[in-house]
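A quick write-up on the structure given underneath.
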Amino acid sequence: MNVNNPLEISRWSLAALSTRMLLYYEDRIPRDASVLVVSNHRSFMDALILMAALSTPIRFACHHYMGQVPILRELVTGQLGCFPLEDTHKRQQSFFAQSQMLLQSKQMVGVFPEGTEPMVKYTQPHHVGEFQRGFAHLALRASVRDLAVLPIAIASLEEVNTTSVPLRLLSLFDPSEALFNQPGWHPLVIYRRVAVLIGNPYWIKPQHQKQYQGKQAKNVVAELTDSCHDEIANLLRQGCY
């Protein structure tokens, strides 16, 4: 994969969709470090928006079905460099292994901790759902020096809402996803104007990794998860009003 392709595709896509992007707090982006990007997620455009905002390719963990659908698979994995999660039984192990390898090579990794739900159920632009904690476990167990978890808020200022495909069609490619086993259509959110607000990086220090064991592990995972969630929620309030 040509590392320039994902960035070029992102910029071209935003231009083709006539999307205007506003970037705030760019000075908070860590330099010369391994970075795990954490963001809210409402639109298929989110990965494109984040790559264009940070001016660098980002290797996103994406839903299992995206690696199963012809054409979509080639775009998402071949051109954008995303890595689909494995099926239910191997999902966590595969996510940790692939992400850690990428972070060790100083590639930027992206995660949407809200999971699939905000993509299949329309939500308001200022809303951010509960975060799954997999990204926190990854950050704390990764054998990576100078690792920063970077929370970023994508705040839609103007958008078009339409639909794409029936949800049950997606269940053919991933029967394990319960959210696909329902009537209705997959929402499609297209940003016309969007604000990208960079949060304060959460640096993973040796003391955090020492706490990630025994009874203390649960607390340090919750602290990291809640810190990123609250930072993004606060940034969304700034960006959406």
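A short reminder: the numbers here are calculations on the coordinates, not readings from a lab. Note that the structure is predicted; figures quoted are calculated from it, not measured. For neighbour counting, all protein chains shown are included, and Cβ atoms are generated from backbone atoms with ideal geometry for every residue, glycine included.
Working note: Karplus 6.51/-1.76/1.60 with θ = phi - 60° gives segment 93-99 the couplings 4, 5, 4, 5, 5, 5, 5 Hz, where Gly and Pro are set to x.
Sorted by packing (mean other beta-carbon atoms within 10 Å per residue), highest first, where do 12-22, 119-129 land? Mind showing how you got there, number by number?
Details: 12-22: 13.9, 119-129: 16.5.
Result, highest mean first: 119-129, 12-22.
Evaluating 6.51 cos²θ - 1.76 cosθ + 1.60 at θ = phi - 60° for every residue in segment 215-223, the Karplus couplings come out as 6, 6, 4, 4, 5, 6, 5, 5, 4 Hz, glycine and proline recorded as x.
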